[in-house]
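The values are calculated or read from the model by the stated rules, or taken from the named source; none is laboratory data. Please read all numbers here as calculations on a predicted model, not as lab measurements. For neighbour counting, all protein chains shown are included, and Cβ atoms are generated from backbone atoms with ideal geometry for every residue, glycine included.
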Amino acid sequence: MDQIIKGLIILLFTAVTAGAQVPEPAPSQSKPVALMNGIIHVGNGEVFENGMLIFEEGKITSVGDARNVKIDLTEYDVYQVAGSHIYPGLIVANSQVGLDDIISVRASQDHTEVGEFNPNVHALVAYNTDSEIIPTLRFNGILLAQIVPDGGLISGTSSVVALDGWNWEDAAYARDIGIHLHWPPMMRPPKISEGEIDWVKNENYDDQVQSIEKFLNEAAAYRILKDREPVNLKLEAMKGIFEGRQQLFLHADGKKEIVTGINSISRCGIKKVVLIGGTDAYYVMDLLKERDIPVLLDELHRLPGRDFEDIDLPYKLPALLQEKGILVGLTYRDELQSSRNLPFFAGTAAAYGLSGEEALQMITSNTARILAIDHLTGTLEAGKDANIVISSGDLLDMRTNRVEYAFIRGRKLNLKGKQQELYERFRRKYEEGN
């Protein structure tokens, strides 16, 4: 009897875990693929209403108007997608997908290191390709993610991953592209009382700023030392941002924090800076433009931060920054699960001052430029990776976003995740009258 019970438990566990697995990684592209007669959104503002896109061995080889091209497609896998929209794969920046699964379960979180200064921490090696969050992003057209560590003041290096692969080595798309500096806030919200947040002054702000500046100055001095024995791993990891091989991602929201952070970084001679967050970017647009600092703008779906601000200011901010000549990408940081709504944030921006193609660029080509991967992806152009999404409707519209096919480097993805399997399961249940 004990053996029977044990066997039943094993079968039950196998059934439960099998249903919870993410789709198996896609095989490599085996033959050329032609997407015919779809509406191609190149990602740079150009649109082919009746387009043809061909990719082979994971690379795009041809894009253009299908009516102007004559080619023998006998040896191709041909997808007739007339009426559907073809887009570059979307890119979500500043994400913890694969580093965090269940907020309430500490063991599923692998994005925070102990200590204030950890530039030598690599988020990539902690990336979990079996995260159940990954399929939910792919199903909305998100194929690449910048995975970012947090915790402390300098939290480590981020990498870009493809949302498909057996392990982090397979998924790695662009390794260690930059170091993340979380500028301390001047005010903190310690608690919520009667529905209101009570903000208090950060008493440690000045000390934290001094410690950041001291660390940056030490890193700058360490880089020019001829004798680096013994090797300081933390300072060694900072060399790339001073030599221009990596970017420094400055996380800051308040206008004073943004200005102070940019000025402190500039004095240390750091070459490439990206602002992440940028809630108050509207008030420092001149500085951002003058220093040529791009912005990864998050939390588009929020209320304004001040009583006197336009209620629609968060929605208008992408258009206002672009009009100023600032390179803007969109992202989302607070709830990992909400990252899948990235295309709809762009759709909101399109309703408040941007065209649909301009909004699309903020989650494709603009983000690729900001992350320095635009030579690989971000637009549908010959020579770039075949990171492609096909939707039966407008990808930026929650009502019509229906992703039919998706390819990462030419590999056709299985888009069915746990949510889709549950939907099909219970649809059948009620159709059968159970």
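Counting only strands (runs of 3 or more DSSP E) wholly contained in segment 34-97, the ones carrying 3 or more residues that are crowded, with 22+ Cβ neighbours inside 10 Å occupy 47-56, 85-88, 90-95. Restricting L275, L235 to residues that are touching a Leu at 6+ places or on another chain (Cβ under 6 Å), in the same structural domain as I370 (by TED's automatic domain parsing) and either farther than 12 Å from I177 by Cα or surrounded by fewer than 22 Cβ atoms within 10 Å (Cβ to Cβ) (or both) narrows the list to L275.
In this structure, I311 does satisfy being over 30 Å from K418 (Cβ atoms), of a type outside the set (D, E, K, R) and modelled with pLDDT under 95. On the stretch given as segment 206-230, residues that are more than 21 Å from K271 (Cβ to Cβ) and modelled with pLDDT of 90 or more total 6.
What pairs come out if I take residues in segment 33-51 that are at positive phi and pair them with residues that are part of a strand (DSSP E or B) and crowded, with 19+ Cβ neighbours inside 10 Å whose C-beta lies under 6 Å away, six or more apart or interchain? From residues that are at positive phi, the pairs are G43/P88. None of D227, D164, D130, D206 is part of a loop (DSSP other than H, G, I, E, B), in the same structural domain as L330 (by TED's automatic domain parsing) and free of Cβ contacts under 8 Å to residues at least 12 places away in the same chain except D227. Of the residues making up segment 306-348, just one is among the small types (G, A, S) and without any contact (Cβ under 8 Å) to a residue 24 or more places away in the chain, namely S338. Per this entry, A351 is not counted among residues that are closer than 22 Å to H41 by Cα, touching a residue at least 40 places away in the same chain (Cβ under 8 Å) and assigned by TED's automatic domain parsing to the domain that holds G141.
Is segment 274-283 home to any residue that is over 19 Å from A372 (Cβ atoms), modelled with pLDDT of 95 or more, assigned to a helix (DSSP H, G or I) and over 24 Å from the mean Cα position of the chain (by Cα)? Yes - at least one qualifying residue is present in segment 274-283.
Residues in segment 296-344 that are surrounded by 24 or more Cβ atoms within 10 Å (Cβ to Cβ) and touching a Pro at 6+ places or on another chain (Cβ under 9 Å): L297, V328, G329, L330. Give just the number: which of (1) modelled with pLDDT of 95 or more; (2) in a loop (DSSP other than H, G, I, E, B) does I390 not satisfy? The single condition I390 does not satisfy is (2). Scanning segment 409-434 for residues that are more than 13 Å from P135 (Cβ to Cβ) and outside any helix (DSSP H, G or I) yields a total of 7. Looking for something crowded, with 22+ Cβ neighbours inside 10 Å, touching a helix residue (DSSP H, G or I) at 6+ places or on another chain (Cβ under 7 Å) and touching a residue at least 12 places away in the same chain (Cβ under 8 Å) - is there at least one such residue anywhere in segment 385-402? So far as segment 385-402 goes, yes, one or more of its residues are crowded, with 22+ Cβ neighbours inside 10 Å, touching a helix residue (DSSP H, G or I) at 6+ places or on another chain (Cβ under 7 Å) and touching a residue at least 12 places away in the same chain (Cβ under 8 Å). Go through segment 222-276 and give me each residue that's in contact with an Asp or Glu (Cβ under 9 Å, 6 or more places away or on another chain) and among the hydroxyl-bearing types (S, T, Y). Y222, S264 - these are the residues of segment 222-276 that are in contact with an Asp or Glu (Cβ under 9 Å, 6 or more places away or on another chain) and among the hydroxyl-bearing types (S, T, Y).
Could you please let me know if T157 is in contact with a His (Cβ under 8 Å, 6 or more places away or on another chain), buried (at least 19 other Cβ atoms within 10 Å of the Cβ) and not charged (D, E, K, R)? Yes.
Against the condition β-branched (V, I, T), closer than 30 Å to D312 by Cα and outside the structural domain of V274 (by TED's automatic domain parsing), how does T400 come out, does it pass? Yes; evaluated as a whole, the condition is true for this residue.
A Cβ distance below 6 Å, combined with a sequence gap of six or more or placement on separate chains, defines the contacts here; from segment 413-431, residues that are under 22 Å from S391 (Cα atoms) reach residues that are surrounded by 10 or more Cβ atoms within 10 Å (Cβ to Cβ) and at pLDDT below 85 in the pairs N414/P23.
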